[in-house]
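Below: one structure, written as structure tokens.
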Amino acid sequence: MQHLVIRKALTKDSDEISQLISRNAKLLLNDDFDGDGLDFFLNTVSRQSITEYMDQGFMYLVAETASEIVGVVAIKDHRHLFHLFVDINHHNKGIAKKLWLDIFADSLQKRNGGVFTLNSTSYALAVYEHWGFVKTDDMQMRQGIRYTPMELAVDGLVMQVQDSNYRNNR
């Protein structure tokens, strides 16, 4: 794998972020949508929607290799993990974990309080459980999208973040 750079996303990245999320959702998340759920989801990850989330203060980080965005993570209020997608061609390379650890560390520095939440797809559930997240409720359905609410409470847990260019480029 070529050198991976993790950096804060810019508004100009919105289109590439939208394409990455949309492409991978269509390939990997079909079991998580009913009826018009996929169309609803794709609308929420359009270029315009991503730009609006950034304008509202959502923190986005991207993983780049050879000037191509291959992964993205977003967090709302330094607490709710909103998006975490890695291009299918770059799975199993540790990119999702690096993105998560960077946004995790940044959120703790911004006085997050040590509690993180997310709504997991069935596809990602095992990964989040491996990272220490626990289910807070049964699978839910909203707007045709299935998800499982999860939470991670880190109470004094210290995680070290390594191999991150993001910290040096803030």
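The values are calculated or read from the model by the stated rules, or taken from the named source; none is laboratory data. Because the structure is a prediction, the values reported are computed rather than measured. So basically every Cβ, Gly included, is an ideal-geometry build from the backbone, and we count neighbours across all protein chains shown. The area values use the complete protein model at the heavy-atom level, side chains included, leaving out ligands, DNA and RNA. Shrake-Rupley method; radii C 1.70, N 1.55, O 1.52, S 1.80 Å.
For every residue, the table says whether it meets (1) open to solvent by 70 Å² or more (accessible area, probe 1.4 Å); (2) basic (K, R); (3) within 17 Å of F41 (Cα to Cα).
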| residue | (1), (2), (3) |
| --- | --- |
| L101 | no, no, no |
| A105 | no, no, no |
| Q109 | yes, no, no |
| N112 | no, no, no |
| D137 | yes, no, no |
| Q143 | yes, no, yes |
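Among the residues of segment 41-55, are any among the acidic types (D, E) and crowded, with 18+ Cβ neighbours inside 10 Å? Before the answer, list the steps.
Step one: filter segment 41-55 for residues among the acidic types (D, E), giving 52, 55.
Filter once more, keeping what is crowded, with 18+ Cβ neighbours inside 10 Å: none.
Scanning segment 41-55, I find no residue that is among the acidic types (D, E) and crowded, with 18+ Cβ neighbours inside 10 Å, so the answer is no.
Among the residues of segment 116-126, count how many are open to solvent by 30 Å² or more (accessible area, probe 1.4 Å) and touching a helix residue (DSSP H, G or I) at 6+ places or on another chain (Cβ under 7 Å).
3
Does segment 71-80 include one or more residues that are touching a residue at least 40 places away in the same chain (Cβ under 8 Å), open to solvent by 30 Å² or more (accessible area, probe 1.4 Å) and either closer than 16 Å to W131 by Cα or in contact with a Gly (Cβ under 7 Å, 6 or more places away or on another chain) (or both)?
No, because not a single residue in segment 71-80 is touching a residue at least 40 places away in the same chain (Cβ under 8 Å), open to solvent by 30 Å² or more (accessible area, probe 1.4 Å) and either closer than 16 Å to W131 by Cα or in contact with a Gly (Cβ under 7 Å, 6 or more places away or on another chain) (or both).
Could you list all residues from segment 1-27 that are over 15 Å from the mean Cα position of the chain (by Cα) and of a type in the set (A, V, I, L, M)?
M1, L4, V5, L10, L27
Determine if segment 37-60 includes at least one residue that is at negative phi, of a type in the set (D, E, K, R) and not in a helix (DSSP H, G or I).
The initial filter retains those residues of segment 37-60 that are at negative phi, namely 37-56, 58-60.
Those left that are additionally of a type in the set (D, E, K, R): 39, 47, 52, 55.
Remaining after also requiring not in a helix (DSSP H, G or I): none.
Within segment 37-60, not a single residue is at negative phi, of a type in the set (D, E, K, R) and not in a helix (DSSP H, G or I).
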